[in-house]
Structures are given as C-alpha cells and as structure tokens.
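Report on one structure; see the data block that follows.
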Amino acid sequence: MATINKKRRLGREVSIVGAGMSDFGAFKEKDSRDLFTEAFQEMMGHMDQGIDIEDIECGYLGNYSSDLFEHQGHTAPIMADWLGMTPVPMTRIENACASSGSALREGVMAIASGMYDIVLVGGVEKMTNLATDEVTDVLASAADGLYEVPAGLTFPGIFGALAKAHMDRYETNLDHLLKVAIKNHNNGALNPKAQFNVTIQSLMERRQARAQERGQPVPDWRTEMDFLNDAQANPWIAWPLRLYDCAPITDGGSCVLLVASEIASNFTDKPVHIAGIGQATGRPLHDAEELTSLSSAKAAAAQAYEMAGVTPQDINLAEVHDCFTIAEIIASEDLGFFAPGEGPRAVDEGRTALTGDRPINTSGGLKAKGHPVGASGVAQVIEIFHQLRGEAGDRQVPNANLELGLTHNVGGTGGTCVVNILRRS
Amino acid sequence: MAQGPKESKEFNATSFFSYIQDEKKLMGIQCRSCGHLSSTPRPMCPSCHSKDVEWHEFSGKASLSTFTCISIVSVAMGKRGYGRDNPCCTGIVTLEEGLRVSAHIMGVDGNNPQSIKTGMALVLDPDELDPEDPALTFRPA
Ligand SMILES: [Zn+2]
C-alpha cells in the first residue's frame with residue numbers, strides 16, 4: 001500500500017490553545033447541547049489570554065449517534081446555535097467512537113489548508129437515555145451489520161474474542177485485564193471530571209459498608225482482586241470480559257480550540273502543537289490479518305510517527321482507547337510501546353501506571369473517566385494538553401521534561417483509528 | 001463456468017443467506033483475475049479491484065479460532081433466549097479454505113467457556129437459519 005506510506009506534511013503548523021470538557025457521567029436532565037455548551041464554556045473561561053467568540057471561524061463536531069440516542073440528527077447547527085456561533089459553518093463527523101478524533105483531524109486540516117486560522121473542534125454524546133440492551137445495540141451498529149452483528153457479536157463480544165485470542169497466543173490472563181481496570185480507576189480517582197472518580201478499592205469498601213448498614217451479610221473481599229473475582233460483584237458481560245473490563249455508558253462533551261501556530265501566542269504562552277496526525281481504516285475482525293491486533297491502529301500510528309519525526313520510544317505518555325481493558329493492552333503493543341505479547345507484563349510491572357516509565361490513561365481512560373463515544377477522542381487530547389502544560393493537578397505525571405504525548409482513538413472495533421502526537425512548546 | 005440461474009445471483013448478503021437457507025451451502029466469492037477468496041460476497045474483488053468475480057462454494061468444514069460467551073446480548077439474541085442465564089457463544093471461525101467468518105456457535109455450553117476449545121472442529125449448521133434474522137451458524141463437527 002504505497003499511498004498509505006507516502007510522507008505527508010501539514011500545509012502549516014497547527015496548535016491547541018484552549019480546552020474544556022463537561023463533567024462525564026450520567027445526567028438525566030441534560031441533552032447533548034447542554035453538555036457541549038458546558039465544555040465550551042469551560043474552554044472559554046480558561047483561555048489564558050481570552051478570545052472573542054466572534055473570532056472562531058469554523059467548527060467540527062464528533063458525534064456518533066444522537067439520531068439513535070436522542071432522536072436528534074443534524075446536531076452540528078444545534079451546537080452552533082447554542083454557542084451563539086451561527087452562521088459559522090459547523091460540520092458533524094461520524095466515525096463511531098473515533099468521531100471526535102476525526103473531527104480534530106478535519107479541524108487541523110482546515111487550518112493547515114490556509115482556509116481558516118481559528119477552528120473549534122469537539123465532540124458530544126448523550127447515551128444514558130436508553131436502557132443498557134438498547135445502548136448495546138446502538139454501539140453494535142458500528143460493527144458490520146450484515147456479517148458481525150447477526151452472528152450475535154456485540155461490542156464487548158468482539159473485544160472478548162480479541163481477548164481470548166490474546167490469551168491463547170501470549171501469556172495474557174484475566175488478572176492482567178483486571179489490573180488495567182484497577183490502574184485506570186486509580187487515575188480516575190484523581191480526575192474530578194471522571195464518571196468514576198473513585199478507586200476500585202473504595203468502591204469495594206463502600207459496598208461492604210452499605211451491606212453492614214443494611215444488616216446484610218458483608219462480603220469478605222480483602223483485596224480489589226477478591227472483589228473483581230466475585231461473579232456477583234463483577235459479572236460476566238462477554239467472557240472473558242466482565243463488568244469492570246468495560247468502559248461505562250456516559251454522557252459528556254469535550255472541545256479544544258485549534259489555531260494556526262503563527263498566531264498561537266495571541267492566545268497563550270503555552271500552546272501545544274500538533275506534531276503528527278494519522279488515521280486509517282481496518283476490516284472486521286474476521287477479515288483482519290491478526291486476531292490480536294488492530295491493523296488500523298498500527299497504520300495510523302505509523303503515519304503520526306512519520307509526520308512527527310519521532311519513534312514510539314520518544315513518547316512520554318499516552319491516552320489510548322480502553323473501551324475494554326484488553327483494548328488498552330493491545331493498543332500499547334500496536335503503538336510500538338511494547339513488543340507484541342509484552343503489553344500484559346508492562347501492566348504487571350507498573351510501567352503504564354502514573355509513576356511508570358510510560359504512563360497510559362492518566363485521565364482514568366475511557367474505563368474510569370467515562371466514554372461518551374463521540375466526545376472521547378477530543379477528551380483524550382485534552383488530557384495530554386493539560387499534562388504537557390503541567391496543569392493536570394493530582395494526576396500530573398511526575399516528569400518535568402514531558403515533551404511528547406500521544407492519543408489513540410478507535411472507532412468501532414478498529415474500523416477506524418486516529419492517532420495524534422502532541423508536542424509541548 | 002455455465003451461467004445457470006444460480007450463477008446470476010447478485011454478489012451480496014441476501015444471496016449469501018439464501019444459499020445457506022435454500023441450498024445448505026456456504027458460498028463466498030472468488031476473483032477470476034487474481035484468485036482472491038472472500039467469505040463475504042461483494043461485486044468487486046477487494047484485493048485487485050476486478051469486477052470479474054464468481055461464486056465459490058466452501059466445504060462448511062472449519063475450526064474455532066477465537067470466541068466469546070456473551071451474557072449481555074443483543075436484542076435479537078435476547079429474543080432467541082440468550083442472556084445472563086444462557087450466554088450466547090459467538091466466534092471467529094476459520095474455514096477449511098483458510099478464510100475467516102464471524103459466526104454464532106450452537107451446540108456448546110455458553111455457561112462453561114472452559115469447555116469450549118479454540119481449534120475445535122466445526123461444521124456449518126444451515127438448519128438454524130432464521131429467515132427473519134439470518135445468522136451464520138456453526139456447530140461442533
Ligand atoms: Zn482480484
């Protein structure tokens with residue numbers, strides 16, 4: 001595939017100068033427009049040197065399925081209206097869970113083309129209106145509706161099959177998967193925006209305390225692993241995946257402001273630059289080259305590394321698409337951080353923890369931060385933005401020399417993958 | 001190859017499932033230009049982009065490459081009696097001819113995934129096809 005490997009450059013440099021996100025969680029009373037407005041207001045309120053809304057020239061909105069979640073199509077102009085931005089052009093981008101990753105890419109290219117200098121990109125999803133089985137079906141519609149879904153495959157099912165293949169081929173076991181969940185909850189507990197702003201240890205202790213209060217038998221879990229291995233507390237969703245292997249159903253919005261790098265200093269002294277972008281497609285799992293890897297992730301990463309002129313070993317931290325725990329392990333291998341099959345050991349050794357040599361999902365990841373699918377790609381970028389600027393609070397990576405961060409945003413089961421590399425100024 | 005009425009079936013999912021239902025055959029396509037096989041019929045070869053493709057019958061013999069036992073099932077599988085108490089086994093199945101397909105696996109115990117072995121021999125089960133909601137189904141050989 002010669003064309004995919006062609007060296008590509010942006011027509012001019014693009015920087016991120018502001019970021020905002022709503023709280024992630026389940027918000028009965030809020031619609032997607034409310035969530036996106038929250039994200040936007042937070043961004044506008046935290047621009048280092050301010051910005052006039054009138055100066056924003058264009059927008060791209062990642063949104064997977066407001067049609068099915070809220071019976072609302074054509075969401076982009078509604079957001080423009082709620083932000084008071086009409087008649088500025090706003091376009092909705094749909095690439096399943098990679099919708100806002102792709103929206104960001106469109107925004108970058110719109111600036112790089114020279115057409116615009118200041119572009120808003122973001123994403124939103126309001127998922128909790130539907131019951132779990134209905135949400136399962138909506139998400140499954142991102143897989144192949146003719147050949148995967150009729151066979152019974154759900155999203156967790158496809159990643160369950162990937163997990164089983166990884167376990168058969170490598171040393172991967174169920175504990176490795178649970179350790180990813182524990183780590184990401186540990187990070188999420190440090191993120192006030194996270195849906196699960198709580199460790200699994202604390203969740204377990206709360207359950208025990210509640211049983212005691214109610215005079216019910218108190219489960220004798222002593223460790224998080226005891227809790228996670230209890231089939232009542234952590235039921236199977238799609239063997240070998242359990243409840244705590246799965247990202248939750250989430251409402252949320254996210255946005256960042258992109259500008260041409262040549263004017264970035266008008267907005268902040270600490271812009272974060274887009275060093276490399278990559279996006280690729282992949283086939284359904286049954287037609288994939290391997291059952292233990294996502295080819296789109298490897299292709300997107302290769303493009304991003306090439307554009308940025310860096311190698312996987314240069315990346316200081318990453319937000320990867322842990323829609324399921326196994327997905328984080330596979331991502332860490334597809335991105336070249338660890339050799340194929342070595343991802344589980346890296347988790348065991350704590351290398352991907354906040355204090356490890358390659359922190360992954362410091363935000364809590366999709367697992368603990370939450371996964372409003374259309375908003376997740378940009379939310380990943382927001383975490384790297386804050387980390388590179390040294391403003392990630394209690395979850396700031398303890399490395400004064402953070403320079404390069406990466407995001408890995410998967411649509412569906414690898415039908416799409418977007419990889420971005422960001423560089424501190 | 002003779003152009004009988006069966007050869008004129010369009011290369012799509014409707015034909016794929018009707019072959020299974022009406023003729024108990026698993027049919028994919030083969031490209032006459034480059035020989036590429038696809039388990040999912042389509043009018044153009046995904047490998048060399050030729051439109052010169054023809055139906056290709058697979059033996060229906062296969063093995064289980066990976067699988068999952070799904071407890072939180074789709075609405076459609078729920079209607080067929082699957083769910084928390086009766087997890088639905090679905091797998092990636094490698095055909096004798098080397099291609100893979102996604103398939104529902106019948107005749108295994110979804111409550112006991114340890115009893116289901118990757119590598120186990122499977123055969124096409126054309127009799128399980130529900131015309132309202134067609135799904136490719138295999139069972140242990
Ligand atoms: Zn061909």
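The values are calculated or read from the model by the stated rules, or taken from the named source; none is laboratory data. This structure is a prediction, so every number in the text was calculated from the model and none was measured. Quick reminder, even Gly has a Cβ in these numbers, built from the backbone with ideal geometry, and neighbours come from all protein chains shown. Heavy atoms of the whole protein, side chains included, go into the accessibility calculation; ligands, DNA and RNA do not. Shrake-Rupley method; radii C 1.70, N 1.55, O 1.52, S 1.80 Å.
Identify, please: which residue in the stretch B:28-73 is in contact (Cβ under 8 Å) with a residue 60 or more places away in the chain and within 12 Å of the ligand (Cβ to nearest atom) and is, among those, farthest from the other protein chains (Cβ to nearest Cβ)?
Of everything passing the filter in the stretch B:28-73, B:37 is farthest from the other protein chains (Cβ to nearest Cβ).
Would you tally the residues in the stretch A:415-425 being in contact with a Ser or Thr (Cβ under 7 Å, 6 or more places away or on another chain) and either modelled with pLDDT under 95 or surrounded by fewer than 24 Cβ atoms within 10 Å (Cβ to Cβ) (or both)?
1
Given the conditions (1) more than 16 Å from the ligand (Cβ to nearest atom); (2) more than 13 Å from chain A (Cβ to nearest Cβ), report the number of the one that residue B:91 does not fulfil.
Residue B:91 satisfies every listed condition except (2).
Considering only the stretch A:82-105, how many residues are more than 14 Å from residue A:411 (Cβ to Cβ) and in contact (Cβ under 8 Å) with a residue 24 or more places away in the chain? Give the steps one after another, and end with the answer.
First, the residues of the stretch A:82-105 that are more than 14 Å from residue A:411 (Cβ to Cβ): A:82-92.
Subset that is in contact (Cβ under 8 Å) with a residue 24 or more places away in the chain: A:82-85, A:88-92.
The number of residues fulfilling the criteria is 9.
Hey, could you check the stretch A:9-36 for residues that are among the small types (Gly, Ala, Ser) and not in a loop (DSSP other than H, G, I, E, B) and say which is farthest from residue A:112 (Cα to Cα)?
First, pick out the residues of the stretch A:9-36 that are among the small types (Gly, Ala, Ser): A:11, A:15, A:18-20, A:22, A:25-26, A:32.
After this cut, where a residue has to be not in a loop (DSSP other than H, G, I, E, B) as well, the list is A:15, A:18-20, A:25, A:32.
Values: A:15: 10, A:18: 18, A:19: 20, A:20: 23, A:25: 34, A:32: 29 Å.
Here the residue is A:25.
Can you confirm whether residue A:39 is in contact with a Cys (Cβ under 6 Å, 6 or more places away or on another chain) and either among the hydroxyl-bearing types (Ser, Thr, Tyr) or not in a loop (DSSP other than H, G, I, E, B) (or both)? So that I can check it myself, show each step before the final result.
On the way: in contact with a Cys (Cβ under 6 Å, 6 or more places away or on another chain): yes; either among the hydroxyl-bearing types (Ser, Thr, Tyr) or not in a loop (DSSP other than H, G, I, E, B) (or both): yes.
When the stated conditions are applied, residue A:39 passes them.
Only one residue in A:379, A:392 is surrounded by fewer than 24 Cβ atoms within 10 Å (Cβ to Cβ), of a type in the set (A, V, I, L, M) and more than 16 Å from residue A:357 (Cβ to Cβ), so which one is that? Full working, then the answer.
Working: A:379 fails: surrounded by fewer than 24 Cβ atoms within 10 Å (Cβ to Cβ).
Going through A:379, A:392 in turn, the sole match is A:392.
Looking at (1) open to solvent by less than 10 Å² (accessible area, probe 1.4 Å); (2) touching a residue at least 60 places away in the same chain (Cβ under 8 Å); (3) within 11 Å of another protein chain (Cβ to nearest Cβ), which is the one condition that is false for residue B:100?
(1)
For the stretch B:74-88, name all the residues that are within 19 Å of the chain's Cα centre (by Cα) and at the interface with chain A (Cβ under 7 Å from one of its Cβ atoms).
B:74, B:77, B:88
In this structure, is residue A:88 at pLDDT 95 or above, in contact with an Asp or Glu (Cβ under 8 Å, 6 or more places away or on another chain) and not in a strand (DSSP E or B)? Steps first, please.
Numbers: at pLDDT 95 or above: yes; in contact with an Asp or Glu (Cβ under 8 Å, 6 or more places away or on another chain): yes; not in a strand (DSSP E or B): yes.
Yes.
Which of the residues spanning the stretch A:91-109 are open to solvent by less than 10 Å² (accessible area, probe 1.4 Å) and under 17 Å from residue A:15 (Cα atoms)?
A:100, A:101, A:102, A:103, A:104, A:107, A:108
Are any of the residues in the stretch A:259-271 under 30 Å from residue B:136 (Cβ atoms) and in contact with a Pro (Cβ under 6 Å, 6 or more places away or on another chain)? Quick ask: steps written out before the conclusion?
At the first step, the residues of the stretch A:259-271 found to be under 30 Å from residue B:136 (Cβ atoms) are none.
The answer is no; no qualifying residue exists.
Could you grab the pairs with beta carbons closer than 6 Å, sequence gap of 6+ or different chains, first residue in the stretch A:125-153 and of a type in the set (Phe, Trp, Tyr), second one open to solvent by less than 40 Å² (accessible area, probe 1.4 Å)?
Sorted first by the residue in the stretch A:125-153, then by its partner, the pairs are A:147/B:40; A:147/B:102.
Hey, could you check the stretch A:395-413 for residues that are modelled with pLDDT of 95 or more, farther than 14 Å from residue A:354 by Cβ and in contact with a helix residue (DSSP H, G or I) (Cβ under 6 Å, 6 or more places away or on another chain) and say which is surrounded by the most Cβ atoms within 10 Å (Cβ to Cβ)?
A:409
Given the conditions (1) within 16 Å of the ligand (Cβ to nearest atom); (2) over 26 Å from residue A:292 (Cβ atoms); (3) in contact (Cβ under 8 Å) with a residue 24 or more places away in the chain, and given that residue B:86 satisfies all but one, which numbered condition is not satisfied?
(1)
Which one of the conditions (1) open to solvent by 30 Å² or more (accessible area, probe 1.4 Å); (2) more than 14 Å from chain B (Cβ to nearest Cβ); (3) within 22 Å of the chain's Cα centre (by Cα) does residue A:68 fail to meet, given that it meets all the rest?
(2)
Any idea which residue in the stretch A:154-179 is most open to solvent (accessible area, probe 1.4 Å), counting only those that are in contact (Cβ under 8 Å) with a residue 60 or more places away in the chain, more than 20 Å from the chain's Cα centre (by Cα) and within 7 Å of chain B (Cβ to nearest Cβ)? Give the steps one after another, and end with the answer.
So in the stretch A:154-179, the residues in contact (Cβ under 8 Å) with a residue 60 or more places away in the chain come out as A:154-167, A:169-174, A:176-179.
The next check asks that each one be more than 20 Å from the chain's Cα centre (by Cα); those that pass are A:161, A:164-167, A:169-174, A:176.
Remaining after also requiring within 7 Å of chain B (Cβ to nearest Cβ): A:161, A:164-165.
Values: A:161: 3, A:164: 29, A:165: 9 Å².
Only one residue fits best here, namely A:164.
On the basis of being of a type outside the set (Asp, Glu), away from chain B (no Cβ under 14 Å), open to solvent by 30 Å² or more (accessible area, probe 1.4 Å) and more than 30 Å from residue A:49 (Cβ to Cβ), does residue A:204 make the cut? Spell out how you get there, then give the answer.
Working: of a type outside the set (Asp, Glu): yes; away from chain B (no Cβ under 14 Å): yes; open to solvent by 30 Å² or more (accessible area, probe 1.4 Å): no; more than 30 Å from residue A:49 (Cβ to Cβ): yes.
When the stated conditions are applied, residue A:204 does not pass them.
Suppose we keep only residues that are open to solvent by less than 20 Å² (accessible area, probe 1.4 Å) and over 19 Å from the mean Cα position of the chain (by Cα) within the stretch A:311-346. Which one would you say is farthest from residue A:292 (Cα to Cα)?
A:346
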